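See structure below.
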Amino acid sequence: MDKVQALWARYRNSLLQFGKFGLIGGAGVVVNQFVVVVCNVLGRDLFGVGYNTAVLNLFGSEFHVRLLQVYAILAFLVANLFNFVLNRYWTFRGHARAPFWKEYLPFLLVGSVAAVVGLFLLTWLTKSDWPLPHSVFDDSTGLRNRFYWANLIQIVLVMPVNFVLNKLWTFQAVRKRHAEATERKADALNGSE
């Protein structure tokens with residue numbers, strides 16, 4: 001029992017942060033999925049295009065950027081900003097915050113790396129030979145839509161890496177550098193008086 005208590009005492013703060021990050025991430029998944037669904041429905045109903053429609057050929061190859069990737073990028077950007085604001089003010093709150101943009105840009109960069117990995121997963125999962133059965137995921141309804149499920153799966157798979165990198169870099173290292181720079185400025189002002 002003493003070992004469990006010692007582990008809890010040592011990792012309590014990180015575990016609580018991970019829980020908060022997960023709750024916010026869950027809300028961010030809802031935001032992300034909402035944007036994906038809205039984009040997909042608008043594309044289908046207003047413009048008559050499916051999520052797998054090619055919009056840009058990649059360097060004359062057989063590969064294309066498809067609407068599903070465009071929708072996923074838009075959804076990522078909206079959800080990323082949503083998640084950052086909530087994580088900044090709840091999960092990683094503290095009085096030693098760096099200015100908004102100094103923290104958001106690393107958060108966006110970390111999220112972008114995860115999003116690129118997610119785009120590859122999304123593309124693989126939505127291909128015609130994807131690993132889930134076509135008899136179930138046949139795109140006939142929203143709950144049977146391959147794109148929606150692939151989007152959820154890729155988000156879940158990249159979340160742990162996103163948490164660790166944001167905890168250690170965005171909300172720890174950036175804030176530490178900002179606090180040290182602020183302290184140096186204060187010392188310089190105090191030394192010049």
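The values are calculated or read from the model by the stated rules, or taken from the named source; none is laboratory data. Everything numeric in this text was worked out from a predicted model, so none of it was measured. As a convention, Cβ positions derive from the backbone with ideal geometry for all residues, glycine included, and neighbour counts pool all protein chains shown. Accessible surface areas use protein heavy atoms only, side chains included; no ligands, DNA or RNA. Shrake-Rupley method; radii C 1.70, N 1.55, O 1.52, S 1.80 Å.
General observations
- The range 139-159, residues that are small (Gly, Ala, Ser) and under 14 Å from THR123 (Cβ atoms): ALA150
- Total residues in the range 136-193, condition over 21 Å from the mean Cα position of the chain (by Cα) and open to solvent by less than 60 Å² (accessible area, probe 1.4 Å): 8
- Odd one out for ARG66 among (1) closer than 30 Å to GLU183 by Cβ; (2) of a type in the set (D, E, K, R); (3) at pLDDT 85 or above: (1)
- Whichever residue in the range 29-45 is within 17 Å of GLN154 (Cα to Cα) and among the hydrophobic types (A, V, I, L, M, F, W, C) and, among such residues, is least open to solvent (accessible area, probe 1.4 Å): VAL36
- In the range 16-28, the residues that are open to solvent by 80 Å² or more (accessible area, probe 1.4 Å) and modelled with pLDDT of 85 or more: LEU23
- Scope the range 71-106; condition in contact with a helix residue (DSSP H, G or I) (Cβ under 8 Å, 6 or more places away or on another chain) and among the β-branched types (Val, Ile, Thr); matching residues: ILE73, VAL78, THR91
- Total residues in the range 72-129, condition open to solvent by 80 Å² or more (accessible area, probe 1.4 Å), basic (Lys, Arg) and assigned to a helix (DSSP H, G or I): 1
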